[in-house]
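Note sheet for the following structure.
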Amino acid sequence: MEGIIVLSIAYWLAAGVVFLIGLIQLIIKSSKNEPLKPALKLLIISVIMLVIGVGACAVILGGLGGMH
C-alpha cells in the first residue's frame, strides 16, 4: 500500500513540475516574442497527466472502498 502512495506523490510532483516549467516558458517566450509551441506542448501534457492522474486516483480509491 505504501508503494502506491509513493508513486502517486511522485506522479503528482512530476505533473506539477511539468506544468510550472510550461507556464514559465510561456511567460518568458511570450515576452520575448518567440514561438510558444514548446511551452504550449508542456502545458497540454500536464493537463493530460492531470486527467489521467485523477482517473487513476478515482479507480484506486473506488477499489479501496469495496474491499470490506
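Quick look at the values:
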item	result
Loop-located trypsin sites (Lys or Arg not before Pro) in region 1-63 whose Cβ has at most 11 other Cβ within 10 Å (DSSP)	32
For the chain: relative contact order, % (alpha-carbon pairs under 8 angstrom, 6 or more apart)	33
Viscosity 1.002 mPa s, 20 °C: Kirkwood-radius Stokes-Einstein D of region 6-68 over Cα pairs, µm²/s	164
Neighbour-count order for 2, 34, fewest beta carbons within 10 angstrom listed first	2, 34
Integer Hz, Karplus 6.51/-1.76/1.60 couplings in order for region 54-63, x for Gly and Pro	5, x, 5, 5, 5, 5, 5, 5, x, x
Net lengthening on full extension, residue 13/residue 30 (0.36 nm per residue, minus Cα-Cα)	3.6 nm
Sum of -39500 (n - 2.57) over DSSP H runs of 4+, divided by residues of the chain (222 nm, nearest 500)	-31500 deg cm²/dmol
Length added when fully stretched, residue 58-residue 40, from 0.36 nm per residue minus Cα-Cα	3.8 nm
In Hz, Karplus ³J(HN,Hα) per residue of region 5-21 (6.51, -1.76, 1.60; θ = phi - 60°; x = Gly, Pro)	5, 5, 5, 5, 5, 4, 5, 5, 5, 5, 5, x, 5, 4, 5, 5, 4
Net charge of neighbours whose Cβ lies under 12 Å from the Cβ of residue 26, counting Lys and Arg as +1 and Asp and Glu as -1	+3
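Any read-out appearing in this document is the output of simple, stated calculations on the displayed coordinates, not a laboratory observation. Treat the numbers as computed from the prediction; the structure is a model and nothing was measured. Positions of Cβ are generated from backbone atoms using ideal geometry, with glycine treated the same way; all protein chains shown enter the neighbour counts.
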